[in-house]
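J.: One structure is given below, represented as structure tokens, and several questions about it will come after.
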Amino acid sequence: MPLLREVANSIRATNNGATRRSFDIMFDDVGDFERVWGSGAITPDLISRLYTVPVADVRIFGFPPANAIKIVIPRKVVAGSPDDTDIDGKQQHAPLLDIEIPDT
Amino acid sequence: MSVGSIGAGFSYRAFQQGLSWNPHVVASDAGTSDHGPGPLGSGEVSSLGPMKRQLDTLITGARGIGAKFIIGSAGVAGGDRNLAKVTELVTDIARERDLRFRLATLHTDLDRDFLKQKLAAGKIRPFGAFPELTTAAIDESAAIVGMMGAEPFIKALDSGADVILGGRATDPAVFAGPPLRAGIPAGIAWHAARTMDKGVMMTVPGEATGSLGFIHFRPDHFIASSTKEGTYCTPRSVAAVTLYENDSPYRTVMPSGVIDTSECTYEDIGDGRVRVAGSKFEPAGKYTVKLEGARFAGYRAITFFAVRDPMIMPHLTEWLAQTRANAERNLHLQGIEKEEYTVRFHVYGINGVMGDDEPVKQPRSHELAILVDAIGTTQNAADEAAARHKALAGHTRFPGQLSHNNVSEPFRLGAVPLGPVYDWSVWHILELDEWDEWEKIFRVELVDL
């Protein structure tokens with residue numbers, strides 16, 4: 001099964017303000033986007049497990065105008081506080097790279 | 001025409017190209033909270049030299065064609081102290097270039113008594129996972145700002161301002177004032193503002209080109225283009241901006257309402273231009289203001305060392321705990337007590353980037369980098385805490401140890417003092433009772449230069 005890292009064109013990890021994280025996964029074309037979006041591989045349940053956040057707090061959007069999937073999760077540590085390890089959240093995407101994309 | 005954040009740099013030729021298209025406005029969202037609470041708490045602005053050179057180019061260019069020049073979130077944090085430093089740069093530029101213009105500064109530091117009244121009235125709620133606001137948090141804050149919508153910018157334009165330096169503002173608010181004032185429908189004005197608020201981000205191939213985003217307004221749509229030769233806009237590059245740092249790609253919440261892009265069309269009309277239609281704006285019932293406050297949290301000192309001994313790896317957790325205990329005893333002997341400092345080990349090669357979220361539980365590294373991060377009630381306590389934790393790491397033993405010291409460093413590095421540390425103390429939403437209450441909290445100051 002291909003991995004997300006093999007299908008996506010880019011993944012933009014960042015803060016949405018100090019209390020949320022955001023991952024914008026973009027694809028080269030509508031075919032790749034629909035393949036991943038339609039596969040149902042990226043679910044709130046999976047994201048909840050990868051980042052140990054409550055499933056009810058995970059939001060996932062398909063965004064066809066940009067061939068993109070957006071994931072928003074809460075931050076467990078407020079950005080820029082002494083316990084933060086990545087102030088702008090730029091390198092928190094690694095667990096997404098190995099999501100398996102089943103063929104549909 | 002939109003420049004990415006001031007200080008990040010832009011292409012001079014792209015700027016000149018944009019000026020040749022005769023924009024009514026040159027604007028920049030000059031701030032962010034992404035740098036953390038430090039800029040707001042300290043009131044400092046870094047890299048004033050490059051900022052002044054860029055402001056010089058932008059203001060001289062904009063005023064040369066009679067365009068308005070507008071920035072928001074001046075000095076990164078947009079607090080009154082940050083804004084004052086940027087205002088001084090602009091005043092100097094006007095004098096040095098013999099420019100004459102009406103300057104508006106928009107002040108967004110909020111009165112503490114006003115906030116306490118609103119808190120008592122139940123009008124302030126946390127924004128995301130953040131503690132409830134308290135009067136203590138208000139009192140402890142070094143500064144508290146509110147984020148403006150477009151209204152104060154419009155008020156400044158109504159007052160004849162040529163150059164507007166805004167305090168803290170939502171990113172699109174910096175750009176939405178002029179089109180709203182010109183009678184462009186709110187949906188188009190706001191969506192265009194949101195599209196251009198990251199400057200070069202709406203263009204391809206992207207950041208490295210230093211291009212500027214350009215918007216032409218039409219009665220029922222807007223057209224996005226890129227000013228640098230060889231760069232362009234695509235339906236995707238334009239649409240993707242609404243994804244960025246936003247809780248929904250279809251809805252962007254502003255103080256005065258919501259930008260709704262759910263039914264938008266993005267059409268390539270050739271020459272690197274994109275036509276965007278279908279943008280809507282839902283006015284809010286109440287005006288809401290995002291609040292940001294920063295509080296002093298101590299003084300920071302850091303140091304760094306590396307470990308290459310393979311025999312330490314299985315014992316790392318216990319070894320670091322023993323190092324901590326030994327260092328605390330050593331500091332106590334010097335009269336520095338545990339209550340005066342906290343120390344964090346960021347272990348790169350294990351979980352330095354992701355902390356407890358790190359999915360790789362079995363380390364694969366043959367060497368580790370350890371950043372020692374100390375926060376003290378005094379700079380001296382922080383310096384000593386950082387230095388002693390590193391020194392004791394060298395001397396704390398682990399089972400099977402053969403070497404005589406565990407600490408490697410590329411050159412002698414003592415504790416590096418980093419000065420005051422700030423923490424977010426306020427990250428909340430304030431709901432105003434009356435729509436025009438924004439006029440009481442956001443002050444427009446005018447001066448003719």
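Laboratory data are not the source of any read-out in this text; all were calculated from the coordinates shown. None of the values given here were measured: they were computed from a predicted structure. Cβ coordinates were reconstructed from backbone atoms using ideal geometry, including for glycine residues, and neighbour counts include every protein chain displayed.
J.: Sorted from fewest to most neighbouring beta carbons within 10 Å, what does the list B:412, B:53, B:300 look like?
T.: Ascending number of Cβ neighbours within 10 Å: B:412, B:53, B:300.
J.: Applying the Karplus parametrisation 6.51 cos²θ - 1.76 cosθ + 1.60 with θ = phi - 60° to the phi angles of region A:64-75, what ³J(HN,Hα) value in whole Hz is obtained for each residue in order, glycine and proline being reported as x?
T.: Couplings: x, x, 10, 6, 9, 10, 10, 10, 10, 10, x, 7 Hz.
J.: Before anything else, pin down the relative contact order of chain A: Cα pairs under 8 Å, at least 6 apart, normalised by residue count, whole percent.
T.: Normalised by residue count, the contact order of chain A is 40 percent.
J.: Can you compute the helix-only [θ] at 222 nm over chain B? Use -39500 (n - 2.57) per DSSP H run of at least 4 residues, normalise by all residues, nearest 500 deg cm²/dmol.
T.: -9000 deg cm²/dmol
J.: Grab the Cα-Cα distance for residue B:13 and residue B:367, subtract it from 0.36 nm times how many residues apart they are, and report the gain in nm with one decimal.
T.: Computed gain between residue B:13 and residue B:367 is 122.8 nm.
J.: While we're looking at this one, here's another question. Which whole number of Å³ per residue matches the convex hull of the alpha-carbon atoms in region B:16-105?
T.: About 94 Å³ per residue, rounded to a whole number.
J.: Quick one: what are the phi-derived ³J(HN,Hα) couplings along region B:386-394, Karplus 6.51/-1.76/1.60 with θ = phi - 60°, whole Hz, x for glycine and proline?
T.: Running phi through 6.51 cos²θ - 1.76 cosθ + 1.60 with θ = phi - 60° gives 4, 5, 6, 5, 5, 4, 6, 4, x Hz.
J.: Largest first and to the nearest Å, give the Cα extent of region B:309-449 along each principal axis.
T.: 72, 40, 34
J.: From the alpha carbon gyration tensor of region B:346-392, can you work out the equivalent ellipsoid semi-axes (sqrt of 5 times each eigenvalue) and give them in Å, largest to smallest?
T.: On the way: eigenvalues 142, 31, 6 Å².
Taking √(5λ) for each Cα gyration eigenvalue gives 27, 13, 6 Å.
J.: Turning to a different aspect of this structure: Distance cut-off 19 Å, Cα to Cα: go down the list B:338/B:390; B:85/B:118; B:123/B:286 and report the pairs above it.
T.: Flagged as over cut-off: B:85/B:118.
J.: A further question follows. List the chymotrypsin sites (Phe, Trp or Tyr not before Pro) within region B:358-435 that DSSP assigns to loop and that have no more than 15 neighbouring Cβ atoms inside 10 Å.
T.: B:411
J.: Let me ask something else about it. Using a cut-off of 10 Å between beta-carbons, work out the net charge of the residues near residue A:77 (Lys and Arg +1, Asp and Glu -1, residue A:77 not included).
T.: -3
J.: Could you give the radius of gyration (one decimal) and Dmax (whole number) of the Cα atoms in region B:58-158, in Å?
T.: Considering region B:58-158 through its Cα atoms, Rg and Dmax are 17.4, 50 Å.
J.: Also: Can you give the convex hull volume per residue for the Cα atoms of region B:190-241, as a whole number of Å³?
T.: So the per-residue hull volume is 65 Å³.
J.: Next question, about the same structure. Given Cα positions, please report Rg to Rh for chain B, the hydrodynamic radius being the Kirkwood one.
T.: Rg/Rh for chain B comes to 1.05.
J.: Sticking with this structure for a sec: Please give the charge dipole size of region B:296-438, origin at the Cα centre, charges +1 on K and R Cβ atoms and -1 on D and E Cβ atoms. Round to the nearest 20 debye.
T.: Dipole size: approximately 1400 debye.
J.: Let me ask you something else. Using the scaling law 2.2 N^0.38 Å as the reference, what is the normalised Cα Rg of region A:35-77?
T.: That ratio works out to 1.20.
J.: Amide H of residue B:169 versus every other amide H placed in the peptide plane: which residues, excluding those fewer than 5 positions away on the same chain, fall under 5 Å?
T.: Excluding prolines and chain starts, which carry no amide H, the hits are B:73, B:148.
J.: At a Förster distance of 41 Å, what's the computed FRET efficiency of residue A:5 paired with residue B:21, Cβ-Cβ distance as r, to 0.05?
T.: That pair, residue A:5 with residue B:21, gives E of 0.50.
J.: Another one. Skipping prolines and chain starts, which residues have an amide H placed within reach, meaning under 5 Å, of the one on residue B:234, given they are 5 or more residues away or on another chain?
T.: Result for residue B:234 returns B:204.
J.: Compute the distance in nm between two label points, each set 7 Å from the Cα along the Cα-to-Cβ direction, one at residue A:43 and one at residue B:413.
T.: Label at residue A:43, label at residue B:413, 4.5 nm between them.
J.: Taking the number of other C-beta atoms within 10 Å as the exposure measure, put B:318, B:339 in order starting with the fewest. Present the calculation step by step, with values, prior to reporting the outcome.
T.: Working: B:318 12, B:339 8.
Arranged by neighbour count, lowest to highest, B:318, B:339 become B:339, B:318.
J.: Could you work out how far helix B:186-196 tilts from the main Cα principal axis of chain B, as a 0 to 90 degree angle to the nearest 10?
T.: Result, in degrees: 50.
J.: In what sequence do B:164, A:87 fall when counting other Cβ within 10 Å, fewest first?
T.: So the residues, fewest neighbours to most, are A:87, B:164.
J.: Let me ask you something else. Per residue of region B:283-296, what does 6.51 cos²θ - 1.76 cosθ + 1.60 with θ = phi - 60° give for ³J(HN,Hα)? Whole Hz please, x for Gly and Pro, Karplus curve as stated.
T.: Once θ is set to phi - 60°, the couplings for region B:283-296 become x, 7, x, 10, 7, 10, 10, 6, 10, 10, x, 10, 10, 5 Hz.
J.: Give me the dipole magnitude in Debye, nearest 20, for chain B about the Cα centre, with unit charges on the beta carbon: positive for Lys and Arg, negative for Asp and Glu.
T.: Taking the Cα centre of chain B as origin, the dipole is about 740 debye.
J.: Sticking with this one: If contacts are Cα pairs under 8 angstrom and at least 6 residues apart, what is the relative contact order of chain B in percent?
T.: Reported as a whole number, the value is 20 percent.
J.: Evaluate the relative contact order of region B:291-385 (contact order divided by residue number), counting alpha-carbon pairs under 8 angstrom at least 6 apart; express in whole percent.
T.: The normalised contact order for region B:291-385 reaches 47 percent.
J.: Compute a Gaussian network model of chain B, connecting alpha carbons closer than 10 Å, and tell me which residue from B:125, B:100, B:273 fluctuates the most.
T.: Residue with maximal mean-square fluctuation among B:125, B:100, B:273: B:100.
J.: Taking each residue in A:7-14, count the Cβ atoms of any other chain within 10 Å of its Cβ, then average. What number comes out?
T.: Mean partner shielding for this stretch: 1.
J.: FRET efficiency for residue B:265 and residue B:358, Cβ-Cβ distance as r, R0 = 30 Å, nearest 0.05?
T.: Details: r = 42 Å, r/R0 = 1.41.
Once the sixth-power term is evaluated, E becomes 0.10.
J.: Just need the Rg to Rh number for region A:64-104, please, alpha carbons only, Kirkwood Rh.
T.: Rg/Rh: 1.09.
J.: When N counts the residues of chain A, how does its alpha-carbon radius of gyration compare numerically with 2.2 N^0.38 Å, as a ratio?
T.: Ratio of Rg to 2.2 N^0.38 Å for chain A: 1.06.
J.: Over 44 Å apart: what share of the alpha carbon pairs of the protein assembly as shown falls there, rounded to a whole percent?
T.: Percent of Cα pairs beyond 44 Å in the protein assembly as shown: 22.
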